[in-house]
Structure formats: structure tokens, C-alpha cells
1. Pick from 65, 74, 31: which is most flexible by mean-square fluctuation in a GNM of the chain where alpha carbon atoms under 10 Å apart are linked?
2. Among bridges DSSP assigns within the chain, what percent are antiparallel (round to 5)?
3. Hey, what do the phi angles of the range 25-32 turn into as Karplus ³J(HN,Hα) couplings, whole Hz, using 6.51/-1.76/1.60 and θ = phi - 60°, x for Gly and Pro?
4. Lys and Arg at +1, Asp and Glu at -1: add these up for the other residues within a Cβ distance under 12 Å of residue 55 and post the number.
5. Hey, what does the equivalent ellipsoid look like for the chain, semi-axes from the Cα gyration tensor as sqrt of 5 times each eigenvalue, largest first, whole Å?
6. Between 11, 78, 51, where does the largest GNM mean-square fluctuation fall for the chain, given springs only between Cα atoms within less than 10 Å?
7. So what does residue 67 come to for accessible area, using a 1.4 Å probe and Å² rounded to 10?
8. Among residues other than residue 35 whose Cβ falls under 15 Å from its Cβ, what is the net charge (Lys/Arg +1, Asp/Glu -1)?
Amino acid sequence: MSAVVLELGEGAGAVVAYTSAARLHEEVAIGPVGANGRRLHAAVRERPAPGGPVFAVVLCPVVPGHHEVWSREGTRLGSVTVTAGEVSELTIR
């Protein structure tokens, strides 16, 4: 079993993006909407769950605000709003 430590607080939230096994080990990035600067990257991992494994990427710490999620190739996968001290979730395919 693998645990994930999240750095949450006044200036940071986290995003868990669920996906399919087809994206296992792929890099996913997140960055503020409209910003072309640095993005936070992480890889999709298989995670144990009571109903069987799930495939997800955990992105943390993420500054609060509205963010876009991208593939390594630059394809926009979705968007999510991050709130300080909370974990936001979305599904990407």
C-alpha cells in the first residue's frame, strides 16, 4: 500500500485526478488558467482502494484558484477550482 502526504493549508490545496489504466505512468500537469509559466507535474499511479485499484494522479501543493490540467503532450484534459486547505477532485479520460 502506498500513502500520499498532502501539504494543505492557507496557501495550498491539492488535486486528485482520476483516470483509466491506459494513462498509468503518464505525466499530468496543472497550472493556473491562462498562465503559460511553470506547471506542477506528477505521474498517474495505481492506488489501492476497497473496491479494487484506481488510477489517479495526486497534485500537491497547488495554489488556490482556477487551474487547467494538461497532458505531457500539451492536450488540455480539464479544469478544476482549488480551495486552500482542501482536496479537489476531477476525472480525466
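The values are calculated or read from the model by the stated rules, or taken from the named source; none is laboratory data. What you see is a predicted model, and the numbers here were worked out from it, not measured in a lab. In this analysis, Cβ positions are derived from the backbone assuming ideal geometry, glycine residues included, and neighbour counts consider all displayed protein chains. Surface areas here come from the heavy atoms of the whole protein model, side chains and all, with no ligands, DNA or RNA. Shrake-Rupley method; radii C 1.70, N 1.55, O 1.52, S 1.80 Å.
1. 74
2. 85
3. Computed from phi, the couplings for the range 25-32 are 6, 6, 7, 10, 10, 9, x, x Hz.
4. +2
5. That gives 20, 17, 10 Å for the three semi-axes.
6. Of 11, 78, 51, the Gaussian network model singles out 51 as fluctuating most.
7. The accessible area comes out at roughly 10 Å².
8. Charge balance in the 15 Å sphere: +2.
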